[in-house]
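Note sheet for the following structure.
The values are calculated or read from the model by the stated rules, or taken from the named source; none is laboratory data. The structure presented is a predicted model; accordingly, all values stated were derived computationally and were not measured. Quick reminder, even Gly has a Cβ in these numbers, built from the backbone with ideal geometry, and neighbours come from all protein chains shown.
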Amino acid sequence: MDDPRPFSLYLAWFGPGLVKVGLTATERRAARLADQGAPMFTWLGHGPLIPVRGTERRCSATGTVRERIPHRAKTTAWWRPRELDSPAELTAAHARLSPLLPDTMTPAPCDVQDLSRFYGLTDAPPPTRDQVTGLTENALLYGELTCVAGHDALITTDTGPLFVDLRLLTGWHLTPARGAPSGLTLKPLDTGRAPDGSIQEGLF
């Protein structure tokens with residue numbers, strides 16, 4: 001079904017080799033990118049839903065950008081070195097895909113926006129070994145939010161940093177508390193790094 005609102009097509013960078021094409025209602029602006037935790041993005045064009053959606057598919061069909069990026073790939077990229085020329089991937093993708101826009105869309109100039117500071121990800125997060133996967137009644141999770149991107153957060157606790165999907169907190173009654181974490185279900189967090197600290201390129 002068509003939607004009379006104007007829509008925007010974007011290119012979002014989640015890490016080296018991880019460029020996503022997507023669409024959002026123009027009125028949402030960067031909020032859609034913040035919801036996804038995209039470190040960088042640029043607009044590709046604007047227009048009615050049907051041509052924007054069609055262009056999204058054509059861009060994805062080139063094989064140079066994706067419509068979906070796995071959650072694991074997004075989060076492990078937090079711990080990958082940030083290259084000074086990271087925006088170059090978006091700039092190149094924008095130049096390559098702009099000719100695919102139909103006459104019914106308005107092209108947007110390449111203007112890379114960096115949301116890393118908004119998330120607290122201007123630098124790589126501290127080494128993190130554990131991910132919270134569940135809560136029990138009277139669980140205690142106290143610490144400092146080091147970074148928050150989309151629904152994912154890194155919380156520095158008395159026993160070390162924990163990676164948390166904040167959606168786990170939905171439906172729980174939250175009260176102020178202090179102390180070491182307890183009542184949490186944890187599993188090892190794969191940050192895409194080998195035990196010696198090197199990057200496991202095969203993950204990407």
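Among residues belonging to the range 146-172 that are of a type in the set (V, I, T) and either in contact with a helix residue (DSSP H, G or I) (Cβ under 7 Å, 6 or more places away or on another chain) or part of a strand (DSSP E or B) (or both), point out the one that is nearest to A77 (Cα to Cα).
Of all residues in the range 146-172, those of a type in the set (V, I, T) come to 146, 148, 155-157, 159, 164, 170.
From what's left, either in contact with a helix residue (DSSP H, G or I) (Cβ under 7 Å, 6 or more places away or on another chain) or part of a strand (DSSP E or B) (or both): 146, 148, 155-157, 164.
Values: T146: 16, V148: 14, I155: 17, T156: 19, T157: 22, V164: 16 Å.
In this case the residue turns out to be V148.
One residue stands out among those in the range 86-132 that are surrounded by 14 or more Cβ atoms within 10 Å (Cβ to Cβ) and of a type in the set (S, T, Y): the one that is farthest from R178 (Cα to Cα), which is S98.
Criterion applied to T136, T76 was being under 30 Å from T159 (Cβ atoms) and surrounded by fewer than 17 Cβ atoms within 10 Å (Cβ to Cβ), and the one residue passing it is T136. Checked against (1) closer than 20 Å to L121 by Cβ; (2) part of a helix (DSSP H, G or I), I69 passes all but a single condition, namely (2).
Residue-wise test of (1) of a type in the set (D, E, K, R); (2) not assigned by TED's automatic domain parsing to the domain that holds W43.
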residue	(1), (2)
T91	no, no
D103	yes, no
Q113	no, no
D123	yes, yes
L135	no, yes
N138	no, yes
T159	no, yes
T175	no, yes
G183	no, yes
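Please go through the range 149-174 and give me each residue that is farther than 25 Å from M40 by Cα and in contact (Cβ under 8 Å) with a residue 24 or more places away in the chain, ordered by number.
T157, G160, L168, L169, W172
Scanning the range 151-170 for residues that are of a type outside the set (V, I, T) and either out of contact with any Leu (no Cβ under 9 Å at 6 or more places or on another chain) or surrounded by fewer than 12 Cβ atoms within 10 Å (Cβ to Cβ) (or both) returns D158, G160, D165, L166, R167.
Limited to the range 57-66, what total is found for residues that are touching a residue at least 40 places away in the same chain (Cβ under 8 Å) and either polar (S, T, N, Q) or surrounded by fewer than 23 Cβ atoms within 10 Å (Cβ to Cβ) (or both)? Count: 3.
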